[in-house]
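Written out below as structure tokens is the structure these notes cover.
Readers should treat all values here as calculations from the given coordinates under stated rules, not as data from a laboratory. Being a predicted model, the structure only gives us computed values, none of them experimental. Positions of Cβ are backbone-derived with ideal geometry, glycine not excepted, and every protein chain shown enters the neighbour counts.
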Amino acid sequence: MLKTCGKRLKNNCGAWRCLSMQQSHMNIFDRNAKRLQKERAALNTDVALYDYLKEEVGFRLADRVFDIKREFKTAADIGCNRGYISKHILAECVEHLTLTDTSATMLEQAHGTPGLKISKLLQDEEQLDFEENSMDLIISSLSLHWVNDLPGCFSRIKRSLKPDGVFIASLFGGDTLYELRSSLQLAELERKGGIAPHVSPFTQIRDIGSLLNRAGFTMLTIDTDEVVIGYPSMFELMWDLKGMAENNAAFNRPAHLSRETLLAASAIYKELYGKPNDEGVPATFQIIYLVGWKPGPNQPQPLPRGTAEVSLKDLGNIFEKGGKIKIDTET
């Protein structure tokens, strides 16, 4: 009996050891498939025709960099694609910018502004390998929504930043392409009796803040913006998504979609979301913008607990009576 218990204990320990060696995240996206999609899109002769959305978001993200009145010595753009941010970053704001991407062709097509020092590195966003405390600024535009281990990616970004360094990024939010998603699901449910993931899942805005806090970022700023673009039909939208290299890259994506399901989805799309007096259909892209800072000694710090002189629950009564709060200027 003791020998049997010993064997069971030994087997259980082996099982626990195997469990401890397993990944702490689930691989949803096929990173190699996404790399190939980006390569095919970059090799198209009319690749610039599909840059309209990423160009706009890259410009808006670069504008947020300009809002920080600081000159950054070293910066990195992870998942730079075709350089949608670097073409707007000025040398007066950033001295040296490192561009990284998984697609060699897209990385070759990325360029910067005159006077900006640029170096390029073929690197996956999931395997960042910058030195610790080496970057003043890390930026990323519409790339991180394809990362499987987003908490680990945020932790590696924080590790690479210097104290008081800043991380600025944008990614697609959960409401992106909800019209296309629901139309395909309704059409497939009616014809096949079930649904398949034809549109990749996106991160919800409510999760971004907790992930950044978990990684150790402070002074977070998170907001969203919706960009609605009109297309002649659902098919032009899907064609443009392929040209942007934003087609589905989930492991469980179906290999084929029948013609009758596509035609039904297009009709449902037009019926549910098309405007009566307008030709074509709208497509919604939810953009999540985030800013996080690595803790540093020069950042504002909260006062110690118990030093407040007025309770928050009494502020309303004080203002109604026209009272003023006494502030000790010596502290």
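Rounded to a whole number, what is D in µm²/s for the chain from Stokes-Einstein with the Kirkwood radius over alpha-carbon pairs (10 °C, 1.306 mPa s)?
Roughly 69 µm²/s, to the nearest whole number.
Based on the alpha-carbon gyration tensor of the range 204-263 and its eigenvalue square roots a ≥ b ≥ c, which shape applies: rounded if a/c is under 1.5, prolate if not and a/b is larger than b/c, or oblate?
prolate
Show that you can apply the helix-only estimate: for the chain, add -39,500 (n - 2.57) for every DSSP H stretch of four or more residues, divide by all residues, and state [θ] at 222 nm to the nearest 500. Could you put the intermediate results ahead of the total?
Values: 10 runs with 121 residues, N = 331.
Result for the chain, helices only: -11500 deg cm²/dmol.
Using amide H atoms built in the peptide plane, which far-off residues or other-chain residues are under 5 Å from Thr176 H to H?
Gln286
Which FRET efficiency value, to the nearest 0.05, do you get for Lys270 and Leu49 by plugging their Cβ-Cβ distance into 1/(1 + (r/R0)^6) with R0 = 22 Å?
0.40
What is the diffusion coefficient of the range 151-214 in µm²/s, taking the Kirkwood radius over Cα pairs and the Stokes-Einstein relation at 37 °C with a viscosity of 0.692 mPa s?
After rounding, the answer is 227 µm²/s.
By how many nm would the segment from Gln109 to Asp225 grow when fully extended, if each residue of separation counts as 0.36 nm and the alpha-carbon distance is taken off?
39.0 nm
Can you check what the Kirkwood hydrodynamic radius comes to for the range 106-170, Cα pairs only, in Å to one decimal?
With all distinct Cα pairs of the range 106-170 included, I get 13.0 Å.
Quick one: what are the phi-derived ³J(HN,Hα) couplings along the range 143-152, Karplus 6.51/-1.76/1.60 with θ = phi - 60°, whole Hz, x for glycine and proline?
9, 6, 6, 9, 7, 6, 9, 5, x, x
Restricted to Cα positions, what overall size does the range 69-151 have along the principal axes? Three whole-Å values, descending.
35, 29, 19
Give the residue from Ala104, Val281, Gly216 lying farthest towards the positive end of the charge dipole for the chain; charges sit on Cβ (+1 for Lys and Arg, -1 for Asp and Glu) and the dipole is referred to the Cα centre.
Going by the Cα projections, it comes out as Gly216.
Taking the mean number of other Cβ atoms within 10 Å as a proxy for protection, how do you rank 137-144, 201-208, 276-283, 251-258 from highest to lowest?
Going by the mean number of other Cβ atoms within 10 Å, highest first, we get 137-144, 201-208, 276-283, 251-258.
List the residues, sorted by chain then number, that are 5 or more residues from Gly79 or on another chain and whose placed amide H is less than 5 Å from its amide H.
Thr100, Asp101
What's the FRET efficiency of Asp63 with Ile195 using the Cβ-Cβ distance as r and R₀ = 30 Å, to the nearest 0.05?
Computed FRET efficiency for Asp63 and Ile195: 0.15.
Regarding the range 90-236, what is the average projected area of its C-alpha convex hull, in nm²?
11.6 nm²
Classify the range 19-106 as rounded, prolate or oblate, taking a ≥ b ≥ c as the square roots of the eigenvalues of its Cα gyration tensor: rounded when a/c is under 1.5, otherwise prolate if a/b is larger than b/c and oblate if not.
The shape class here is oblate.
Where does the Debye-calculated log10 I(q)/I(0) of the range 191-325 sit at q = 0.11, 0.15, 0.19 Å⁻¹, using only Cα point scatterers of equal weight, no solvent?
Debye intensities relative to I(0), on a log10 scale: -0.70, -0.95, -1.27.
Amide H neighbours of Ile118 under 5 Å, at least 5 residues apart or on other chains, H built in the peptide plane: list them.
Counting only residues 5 or more places away or on other chains, the set is Leu97.
So for the pair Asn277, Asn317, with labels modelled 7 Å out along Cα→Cβ, what separation do we get in nm?
5.5 nm
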